[in-house]
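These notes concern the structure reproduced below.
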Amino acid sequence: MAKIDDVARLAKVSKGTVSNVFSQKRRTSKEVTERVLSVSRQLNYVPNHIARSLVTKKTMAIGLTIPHGNFFFSAFHNQFINGVVLEASYHGYRVLLDMIPTQQVKTPFLSSYPIDGAVVMSPTTDDERIRLLHVDDIPFVTVGRVMNADIENAPSVDNDNERMMHKIVRYLADKGHRSMMFLNANELMTVSIDRNEGFIRAMEERRLPVEAYMIHHKPAILSNEYMDYGYAETLEVLNGQGRGVTAIIADDDRTAFSSLNALKELGLRVPEDVALFVICGDLSMMVQSNPSLTSMDLRPSELGAQSVRLLMHKLGVLTDHFPENIVVESTVVERNSC
């Protein structure tokens, strides 16, 4: 295991300078800081957190809260978590992961643990997690827009969800689709609200009809319908008043595969009869499915890394200028399902 002497020798600085970079007890130049951090990553050097905490009066830990109904993360979640953990480690921080919904297991919330700050994923309207962090005066960054009535100008990292829906609708409309069904995320999630508004505006700008049967929302995490979301909705709409639907936009890969099963049961082919577009999918699974599924690349690792950088700025670890709201660009990855 690498020691502070190894980092100092390779970075061509003193042990005291290496210690200052990690303890932040004394300021060091940006060039020296980056060199020390680069060497530390190269050598997998990890500072002694207990000793550092005694010096800085900080816990050197941040929280990451992800509401989830089971213990199997998607590739998106895994890549996002990797981005958070790697970026946090660059700054000498550990990550405490909280993924169990409070309705399921009555564990204390992150704010009751010794953390310096937190990253909140998938915020909902009037999110209780955000309220508790705000009340306890713990710095936080959300991945998604904050919609708590008593909190303004909260720092966040996100994709531009409204612009994303314009991209998707334009992509499908350019291929001749006029009637689309949107299997959106849960209606309480702020990302769902933004995407819903983006979908409606994009359709209206192209003078395409928007009917009630076109927009659906994923059930709550702990409901029985959560795992199969997309199957019953596809059967009901394409067997009923929405028979003219020729394109389906699915929130994630699980929803897309449920919808795909329903289309097969209806004897409909993808993409010949119905196009299928996935917003948030495992890129490797998108390629392996038959047909391969067109999707958005939301760059989850970058979302995770940027959320930690913004949090480090809030904690005073990074002093460069940071906007309060960081947007990570997303792109259409075209395959065979549209």
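The values are calculated or read from the model by the stated rules, or taken from the named source; none is laboratory data. Predicted model only: the values in this text are computed from it and were never measured. Reconstructed Cβ throughout: ideal geometry from the backbone, glycine too, with neighbour counts over all protein chains shown. To get the accessible areas, we keep the full protein, side chains included, count just its heavy atoms, and leave off ligands, DNA and RNA. Shrake-Rupley method; radii C 1.70, N 1.55, O 1.52, S 1.80 Å.
Of everything in the range 1-41 that's farther than 20 Å from residue 317 by Cα and not aliphatic (A, V, I, L, M), which residue is surrounded by the most Cβ atoms within 10 Å (Cβ to Cβ)? Per the stated criteria, the residue is 6.
Of all the criteria given as (1) surrounded by fewer than 20 Cβ atoms within 10 Å (Cβ to Cβ); (2) assigned to a loop (DSSP other than H, G, I, E, B); (3) of a type in the set (A, V, I, L, M), the one not satisfied by residue 132 is (2).
Residue 137 meets each of the listed conditions (1) surrounded by fewer than 22 Cβ atoms within 10 Å (Cβ to Cβ); (2) in contact (Cβ under 8 Å) with a residue 12 or more places away in the chain apart from (2). Return the residue satisfying two criteria in turn: it lies in the range 186-203 and is over 11 Å from residue 249 (Cβ atoms) and of a type in the set (D, E, K, R), and of such residues it is surrounded by the fewest Cβ atoms within 10 Å (Cβ to Cβ). Checked the range 186-203; the qualifying residue surrounded by the fewest Cβ atoms within 10 Å (Cβ to Cβ) is 197. Across the range 75-92, a minimum of one residue is classified as touching a strand residue (DSSP E or B) at 6+ places or on another chain (Cβ under 6 Å), open to solvent by 20 Å² or more (accessible area, probe 1.4 Å) and either small (Gly, Ala, Ser) or modelled with pLDDT of 95 or more (or both).
Which members of the range 142-158 meet the condition of being more than 14 Å from the chain's Cα centre (by Cα) and aliphatic (A, V, I, L, M)?
Residues satisfying the conditions are 147, 149, 151, 154.
Among residues of the range 28-42 that are under 18 Å from residue 320 (Cα atoms), those with a beta-carbon under 7 Å from a residue that is assigned to a loop (DSSP other than H, G, I, E, B) and β-branched (Val, Ile, Thr) at least six positions away or on a different chain give the pairs 32/13; 36/13. Count of the range 228-257 residues, restricted to those that are free of Cβ contacts under 8 Å to residues at least 60 places away in the same chain and either open to solvent by 60 Å² or more (accessible area, probe 1.4 Å) or more than 22 Å from the chain's Cα centre (by Cα) (or both), is 13.
Each residue in the range 169-185 was checked for being in contact with a helix residue (DSSP H, G or I) (Cβ under 8 Å, 6 or more places away or on another chain) and open to solvent by less than 30 Å² (accessible area, probe 1.4 Å), and 8 pass. Residue count for the range 254-287 under the criterion of being touching a strand residue (DSSP E or B) at 6+ places or on another chain (Cβ under 6 Å) and either more than 14 Å from residue 336 (Cα to Cα) or not β-branched (Val, Ile, Thr) (or both): the result is 10.
Residues that are modelled with pLDDT of 95 or more, in a loop (DSSP other than H, G, I, E, B) and loosely packed, with under 15 Cβ neighbours inside 10 Å occur at least once in the range 273-294.
Among the residues making up the range 296-338, a single one is of a type in the set (Lys, Arg), assigned to a helix (DSSP H, G or I) and in contact with a helix residue (DSSP H, G or I) (Cβ under 7 Å, 6 or more places away or on another chain): 309. If only residues of the range 311-338 that are open to solvent by less than 40 Å² (accessible area, probe 1.4 Å) and among the small types (Gly, Ala, Ser) are counted, the one that is farthest from residue 65 (Cα to Cα) is 337.
For the range 288-308, filtering for residues that are charged (D, E, K, R) and touching a strand residue (DSSP E or B) at 6+ places or on another chain (Cβ under 8 Å) leaves 1.
For residues that are open to solvent by 20 Å² or more (accessible area, probe 1.4 Å) and not polar (S, T, N, Q), scanning just the range 295-310, find the one that is nearest to residue 142 (Cα to Cα). The selected residue is 309.
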